[in-house]
Amino acid sequence: MIKTLGRFALLTTVAVILSGCITRGEQEPAPVEQANPTPQQPVPPQPQPSQPVPTVPSVPSIPEQPGPIEHPDQTTQPTPRERHYDWNSAVQPMMGKMLQASGASAGNVLLVDSVNNRTNGSVKTSEATETLRNALTNNGKFTLVSAQQLAIAKQQLGLSPQDSLGTRSKAIGIARNVGAQYVLYSSATGNANAPTLQMQLMLVQTGEIVWSGKGAVQQQ
């Protein structure tokens, strides 16, 4: 009997223990299954930040240095302005008076000396000499010494063909050399801007002045 009770008590104890275990098992929550994680999407590569392009500082321009100061050559004289004159307006009236007052007979030889520049400036007197010769062409009283004859006579005296005789005595001397009876000595005087043309007709044999005249010359 006692053994039967002991067994009964042991079974009862086991049953109680088992029931307690079952109760705890029911109360414990079921283990939660871990959900499969969503497969990780590949992260696109992030663009690398562009590196700033290094800038080279600009080199400041060097201002052009002024060259050496050049001083004009003070010794160089400016070229004088060439003047042109209306010689004919002064020559024609005087030639008419000279032919009337000379008293020379037809056929006398006349040497027309180059016009001398006695002004205070530059005057191209070769134009005046040419005007004189043209005004006496076919004058009916004087035969002119040709330019070629005059050049030869100047060469004999050691002068260049372009050389003006310069003085009355030299003009008379060369007139004798070419066999002329008269010589017309002329010069431009006064202000070069408005010169005066002076002329003297002389006898070669005596040097006597048989006529003289002058006239104003205007620039053209």
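In the set 140, 215, which member is in contact with a Pro (Cβ under 8 Å, 6 or more places away or on another chain) and under 20 Å from residue 102 (Cα atoms)?
That would be 215, the only listed residue that is in contact with a Pro (Cβ under 8 Å, 6 or more places away or on another chain) and under 20 Å from residue 102 (Cα atoms).
Among the residues of the stretch 124-139, is any more than 19 Å from residue 92 (Cβ to Cβ) and open to solvent by less than 30 Å² (accessible area, probe 1.4 Å)?
no
Only residues in the stretch 135-150 that are closer than 14 Å to residue 106 by Cα count as the first member; pair them with residues that are of a type in the set (Lys, Arg) and modelled with pLDDT of 90 or more, Cβ under 7 angstrom, at least 6 apart or cross-chain, and list the lot.
Every condition considered, the pairs that remain are 144/133.
Restrict the check to the stretch 172-195 and report whether at least one residue is free of Cβ contacts under 8 Å to residues at least 24 places away in the same chain, open to solvent by less than 80 Å² (accessible area, probe 1.4 Å) and out of contact with any strand residue (DSSP E or B) (no Cβ under 6 Å at 6 or more places or on another chain).
yes
Quick grid of which residues meet (1) touching a helix residue (DSSP H, G or I) at 6+ places or on another chain (Cβ under 9 Å); (2) aliphatic (A, V, I, L, M):
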| residue | (1), (2) |
| --- | --- |
| 98 | no, yes |
| 120 | no, no |
| 141 | yes, no |
| 148 | no, no |
| 158 | no, no |
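Give just the number: which of (1) at pLDDT below 80; (2) open to solvent by less than 80 Å² (accessible area, probe 1.4 Å); (3) charged (D, E, K, R) does residue 70 not satisfy?
Tallying (1) at pLDDT below 80; (2) open to solvent by less than 80 Å² (accessible area, probe 1.4 Å); (3) charged (D, E, K, R), residue 70 fails exactly one: (2).
Quickly run through the stretch 109-123 and pick out the residues that are part of a strand (DSSP E or B) and open to solvent by less than 30 Å² (accessible area, probe 1.4 Å).
Result: 110, 111, 112, 116, 119.
Filter the stretch 86-108 down to the residues that are hydroxyl-bearing (Ser, Thr, Tyr) and open to solvent by 20 Å² or more (accessible area, probe 1.4 Å), then identify the one that is modelled with the lowest pLDDT.
105
Are there any pairs, at least 6 apart or on different chains, whose C-beta atoms fall under 6 Å, with the first in the stretch 200-220 and more than 13 Å from residue 169 (Cβ to Cβ) and the second open to solvent by 70 Å² or more (accessible area, probe 1.4 Å) and not in a strand (DSSP E or B), and if so, which?
213/97; 220/84
Looking at (1) outside any loop (DSSP other than H, G, I, E, B); (2) open to solvent by 40 Å² or more (accessible area, probe 1.4 Å), find the lone condition where residue 202 falls short.
(2)
The values are calculated or read from the model by the stated rules, or taken from the named source; none is laboratory data. Everything quoted here is computed from the prediction, not taken from an experiment. With ideal geometry, Cβ positions are generated from the backbone for all residues, glycine too; neighbour counts draw on all protein chains shown. Each accessible area value is taken on the protein alone, full model and side chains, heavy atoms only, with ligands, DNA and RNA left out. Shrake-Rupley method; radii C 1.70, N 1.55, O 1.52, S 1.80 Å.
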